[in-house]
Amino acid sequence: MTPTRKPTNLDDPQAHLPLTNLAFHILLALADEPRHGYGIILDVEERTQGAMRLRSGTLYTAIQRLLQDGLLEETRKKGSEDDQRRRYYQITKLGKQVAQLEASRLATMLHTARQRALIHPGKGS
């Protein structure tokens, strides 16, 4: 018997956690300003110093999921004479809350990992 996923309240930021690495990077890319898909790709690549390189198919699949979950919304870039065909995305209030909770969750994990390394010096060397 396959376990069924319980329905969640998507208005509750906790219901979206944990985020995938990809979803978190997309939300981070949109935290300060709206961007189009290629702008998100460039931001993620720059921020990760090339360690994460997104392909457009992967990006747009993830964006569709984030739009459905209410973490992103499509917008128009104000004052832009950019190509009218480009779609811009911005983080929603819920998306910002989810990103903040995920950052806090990751910080707690990092803190715990550092504590463990101090408790067990030399382990793994």
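Summary of computed values
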| read-out | value |
| --- | --- |
| Residues of region 51-62 classified as in a helix (DSSP H, G or I) and without any contact (Cβ under 8 Å) to a residue 12 or more places away in the chain, total | 2 |
| Region 91-105 - residue that is of a type in the set (Gly, Ala, Ser) and out of contact with any helix residue (DSSP H, G or I) (no Cβ under 7 Å at 6 or more places or on another chain) and, of those, farthest from residue 66 (Cα to Cα) | 104 |
| Which numbered condition residue 85 misses (of (1) over 16 Å from residue 103 (Cβ atoms); (2) at pLDDT 95 or above) | (2) |
| Members of region 17-64 found to be charged (D, E, K, R) and under 15 Å from residue 99 (Cα atoms), listed by number | 32, 33 |
| Filter result for residue 46 (more than 14 Å from the chain's Cα centre (by Cα) and outside any helix (DSSP H, G or I)) | no |
| Sole residue being part of a helix (DSSP H, G or I) and either among the hydroxyl-bearing types (Ser, Thr, Tyr) or within 25 Å of residue 11 (Cα to Cα) (or both), chosen from 99, 113 | 99 |
| Residue 74 being acidic (Asp, Glu) and at pLDDT 85 or above | yes |
| Top-ranked residue of region 33-74 - restricted to ones that are touching a helix residue (DSSP H, G or I) at 6+ places or on another chain (Cβ under 8 Å) and among the basic types (Lys, Arg), ranked as surrounded by the most Cβ atoms within 10 Å (Cβ to Cβ) | 35 |
| Residue within region 63-75 that is farther than 17 Å from residue 16 by Cα and either in a helix (DSSP H, G or I) or within 15 Å of the chain's Cα centre (by Cα) (or both) present | no |
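The values are calculated or read from the model by the stated rules, or taken from the named source; none is laboratory data. All figures in this text were calculated on a predicted structure; none of them were measured in a lab. Heads up, the Cβs are rebuilt from the backbone with ideal geometry, glycines too, and the neighbour counts pull from every protein chain shown.
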